[in-house]
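Student: Mind looking over this structure? Questions follow.
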Amino acid sequence: MEGFLPYMGLNKFRMLQKIKRVDALARYPKFPVTDIEKNAWYFPEVYASYRLTVASDKGPTMAKDIAANLTLLVANMSYDSLLFMSDLKFPLYRKPSALPSDIKAVSYLQANNIGPRFTGAIKVELPLLKEFTRNLYWMVRTNTASGAIHFLDEEQNILGSIHYHGEVLLASLTRETHVKLLSAFKKTAFNTELVNHPWHYPPP
């Protein structure tokens, strides 16, 4: 994007991996999908839902804490990556706001060859997850991200998203995953609330 400063924190030896949307939906069919034109939506059946929060309510600290604890949770679940994709068939992000954190987040994606027309999924390996999540948080908070950006593990055991209020909304898709998550939560600093209803609702 014209006028953007280069992202200086890029790991030159590891890059985010792009997956075309049609391929991502074929390989990972549990990704939620919203079709505005057809007024249709899909969300997989879940076993249990959770609301994860951090102690801080200040944006910069919240971004760091969410990123650190989500990375820790994924590591404790023995996953080596997460996949992220919007429920909408629109470009992943819009033109950023004037906030430096938002501009930096979009610059980070562009430095990883995630252009403004990309509509597919992004595979994020564990060593890159903290930095990616911190930047995604700002895009969600400032409404630069398109639609709801959901994440799945490769085996499609967990499904989640980051809410602009600073919550991680998470679901286990199997009973076995639920049991593992209850143990993994204790090894993070997340405040964990088990909710008895899905955290995703059909669009109005």
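Student: Scanning for something touching a strand residue (DSSP E or B) at 6+ places or on another chain (Cβ under 6 Å) and on the phi > 0 side of the Ramachandran plot, does the stretch 109-124 turn up at least one residue?
Tutor: No, the conditions are met nowhere in the stretch 109-124.
Student: Return the only residue of 123, 89, 95 being of a type in the set (Lys, Arg), surrounded by fewer than 20 Cβ atoms within 10 Å (Cβ to Cβ), closer than 22 Å to residue 70 by Cα and in contact (Cβ under 8 Å) with a residue 12 or more places away in the chain.
Tutor: 123
Student: Within the stretch 68-75, is even one residue under 20 Å from residue 145 (Cα atoms), surrounded by 17 or more Cβ atoms within 10 Å (Cβ to Cβ), within 14 Å of the chain's Cα centre (by Cα) and modelled with pLDDT of 95 or more?
Tutor: yes
Student: Separate question: So in the stretch 24-40, with the set limited to residues that are part of a helix (DSSP H, G or I) and aliphatic (A, V, I, L, M), which one is farthest from residue 122 (Cα to Cα)?
Tutor: 26
Student: Test each condition in (1) in contact with a His (Cβ under 8 Å, 6 or more places away or on another chain); (2) in contact (Cβ under 8 Å) with a residue 40 or more places away in the chain; (3) of a type outside the set (S, T, N, Q) for residue 140 and report the one that comes out false.
Tutor: (2)
Yes/no per residue for (1) of a type outside the set (Lys, Arg); (2) in a helix (DSSP H, G or I):
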position	(1), (2)
56	yes, no
64	no, yes
79	yes, no
108	yes, yes
114	yes, no
118	yes, no
130	no, yes
139	yes, yes
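Student: Of the residues in the stretch 141-176, how many are crowded, with 19+ Cβ neighbours inside 10 Å and assigned to a helix (DSSP H, G or I)?
Tutor: Qualifying residue count for the region: 1.
Student: Another one. Can you list residue pairs whose Cβ atoms sit under 7 Å apart, with the first residue in the stretch 155-172 being closer than 17 Å to residue 194 by Cβ and the second being surrounded by fewer than 24 Cβ atoms within 10 Å (Cβ to Cβ) and of a type in the set (Phe, Trp, Tyr)? Count only pairs 6 or more apart in sequence or on different chains.
Tutor: Hits for this filter: 169/199; 170/50; 172/47.
Student: Residue 179 is checked against (1) assigned to a helix (DSSP H, G or I); (2) in contact (Cβ under 8 Å) with a residue 12 or more places away in the chain and fails just one. What number does that condition carry?
Tutor: Every listed condition holds for residue 179 apart from (2).
Student: Now, a different point. Given the conditions (1) at pLDDT 95 or above; (2) over 21 Å from residue 129 (Cα atoms); (3) surrounded by fewer than 14 Cβ atoms within 10 Å (Cβ to Cβ); (4) not charged (D, E, K, R), which single one is not true for residue 40?
Tutor: Tallying (1) at pLDDT 95 or above; (2) over 21 Å from residue 129 (Cα atoms); (3) surrounded by fewer than 14 Cβ atoms within 10 Å (Cβ to Cβ); (4) not charged (D, E, K, R), residue 40 fails exactly one: (1).
The values are calculated or read from the model by the stated rules, or taken from the named source; none is laboratory data. These figures come from a predicted structure and were not determined experimentally. We place every Cβ from the backbone using ideal geometry, glycine too, and count neighbours over all the protein chains shown.
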